[in-house]
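The structure appears below as structure tokens.
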Amino acid sequence: MNTVNMNTMSWVAYRDRIATANPPIFLPVGALEQHGPHLPLGTDALLSAAVAASAAEQIDGIVAPALSYGYKSQPKCGGGQHFCGTTSVDAQTLIGLVRDTVREFARHGVEKLVVVNGHYENQWFITEGIDLAMRDLQPGAKIQVMRMEYWDFLTAATLRAVFPDGFPGYALEHAAVIETSLMLHYHPELVRLDLIPDDGPANFPAYDIYPADPDWVPPSGVLSSARGADAVKGEIMATELAACIAKAVMTEFERA
Ligand code: ZN
Ligand code: MN
């Protein structure tokens, strides 16, 4: 099996892999953002990178180092910007990072690029970065880019099994059952189950307010309970995500 991680490959080995195997390159994107007292600040990048690596292993892909700073945390899906440790970038910065890296991968001769997002707030700025990079490239450039939120690959059956009492939705799933279970699977040493807070689910109005009101958000930063999290759920989800993403990448790029 070939090396999966781009940042541990030499440029020569990387160049030769691109030239001979035309492998899919995975670019994980995350955030540095509070995830309650029980999960690390880097959770979104750790998870997008772990999911991308598991998918890449199945199809002989390569994973680039994650873009680890994300767009500003929003109260309704990440707790907001008032938490110490949450370290976010302006939209232009994220758009620029994505635009520049996509253009660079195209220059390397990469034809199959898969951007795996792990931070809810990043979605449209990643989209914009890809769009501007595609506009930068010469007509006839061979690169194609897939873009995804990794959680969208979880099936309804899995969500029913993971949430026997009902799924609260991905926005409220911040630092809750999905992320905590996946971290228990990929990085159990980084999870403090004893510190999972008792805060009930956040209850937001239908509008946003600026400046944001920290009182809208549970003081722990967790938007719905992580109590139902466990490593078995994490393994079920991780297995499904890797297989489904690998299959989607193979299917999409085979048609090209
Ligand atoms: Zn997260
Ligand atoms: Mn996030």
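We did not get these values from a lab; they are worked out from the coordinates using the rules stated. Computed from a prediction, not measured in an experiment: that's the story for all the values here. Note: ideal-geometry Cβ built from the backbone for every residue, glycine included; neighbour counts use all protein chains shown.
List of remarks:
- Looking only at residues of segment 69-87 that are surrounded by 20 or more Cβ atoms within 10 Å (Cβ to Cβ) and of a type in the set (S, T, N, Q), we find that the one that is farthest from ligand 2 (Cβ to nearest atom) is Thr86.
- Failed criterion for Val110 (all others in (1) in a loop (DSSP other than H, G, I, E, B); (2) within 26 Å of Asn203 (Cβ to Cβ) hold): (2)
- Test: residue in segment 22-44 that is assigned to a helix (DSSP H, G or I), in contact with a His (Cβ under 6 Å, 6 or more places away or on another chain) and under 19 Å from Tyr170 (Cβ atoms): yes
- Note on segment 109-124: among residues that are within 13 Å of ligand 2 (Cβ to nearest atom) and surrounded by 23 or more Cβ atoms within 10 Å (Cβ to Cβ), the one that is farthest from Ala238 (Cα to Cα) is Asn122.
- For segment 203-220, the set of residues classified as assigned to a helix (DSSP H, G or I) and without any contact (Cβ under 8 Å) to a residue 12 or more places away in the chain consists of Asp215 only.
- Qualifying residue in segment 222-237 (condition: over 30 Å from Glu57 (Cβ atoms) and surrounded by fewer than 18 Cβ atoms within 10 Å (Cβ to Cβ)): yes
- When residues of segment 123-150 are limited to those that are in a helix (DSSP H, G or I) and in contact (Cβ under 8 Å) with a residue 40 or more places away in the chain, the one nearest to ligand 1 (Cβ to nearest atom): Tyr150
- Checking each residue of segment 161-176 against the condition of being of a type in the set (Val, Ile, Thr), within 20 Å of the chain's Cα centre (by Cα), surrounded by 17 or more Cβ atoms within 10 Å (Cβ to Cβ) and not in a loop (DSSP other than H, G, I, E, B) gives at least one match.
- So Val63, is it buried (at least 20 other Cβ atoms within 10 Å of the Cβ), under 16 Å from the mean Cα position of the chain (by Cα) and more than 16 Å from ligand 2 (Cβ to nearest atom): yes
- Count - residues of segment 179-202 that are assigned to a helix (DSSP H, G or I) and within 11 Å of Arg227 (Cα to Cα): 5
- For Ser54, the requirement of being surrounded by fewer than 24 Cβ atoms within 10 Å (Cβ to Cβ) and more than 30 Å from Val191 (Cα to Cα) is not met.
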